[in-house]
């Protein structure tokens, strides 16, 4: 009898996680992935235009602009980073994820 070695993968990657889903389903999937991360799995995913509720579920975020890292760190610290480094304030009742994208797009429009 052969001995079989099992390799348990602890990193799970999802690309365009919310593609084709409504915000309710996207939030449920992200919530489930958060539970998996709390169980010791490393979850890496891309998400496009998350709702503010879905965005709040993430612990760490990496925001890219033109293949460069614009921000990487705790989600809670991103607002402060953008406000202090770019002197821009997120308007009340605005989804922070939308705010970051608007800021980065406005910088790109100025550059080009």
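Restricting the stretch 1-26 to residues that are modelled with pLDDT of 85 or more and out of contact with any helix residue (DSSP H, G or I) (no Cβ under 6 Å at 6 or more places or on another chain), which is farthest from residue 60 (Cα to Cα)?
Among those residues, the one meeting the criterion is 22.
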Conditions first: (1) surrounded by 13 or more Cβ atoms within 10 Å (Cβ to Cβ); (2) part of a loop (DSSP other than H, G, I, E, B); (3) within 15 Å of the chain's Cα centre (by Cα). Residue 19 passes all but one, so which condition is the exception? (1)
With the requirement that a residue be within 15 Å of the chain's Cα centre (by Cα) and in a helix (DSSP H, G or I), what does the stretch 73-83 give you? 75, 76, 77, 78, 79
State yes or no: is residue 108 part of a helix (DSSP H, G or I), more than 12 Å from the chain's Cα centre (by Cα) and either in contact (Cβ under 8 Å) with a residue 60 or more places away in the chain or closer than 16 Å to residue 50 by Cβ (or both)? no
So if I check each of 43, 29, 61, which one is at negative phi, modelled with pLDDT under 90, in a strand (DSSP E or B) and surrounded by 15 or more Cβ atoms within 10 Å (Cβ to Cβ)? 43
Hits in the stretch 77-100 - residues which are surrounded by 12 or more Cβ atoms within 10 Å (Cβ to Cβ) and either farther than 29 Å from residue 28 by Cβ or free of Cβ contacts under 8 Å to residues at least 12 places away in the same chain (or both): 77, 81, 83, 86, 88, 90, 94
Just need a number here: residues in the stretch 84-100 that are at pLDDT 90 or above and either within 16 Å of the chain's Cα centre (by Cα) or assigned to a helix (DSSP H, G or I) (or both). 7
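The values are calculated or read from the model by the stated rules, or taken from the named source; none is laboratory data. Treat the numbers as computed from the prediction; the structure is a model and nothing was measured. Cβ coordinates were reconstructed from backbone atoms using ideal geometry, including for glycine residues, and neighbour counts include every protein chain displayed.
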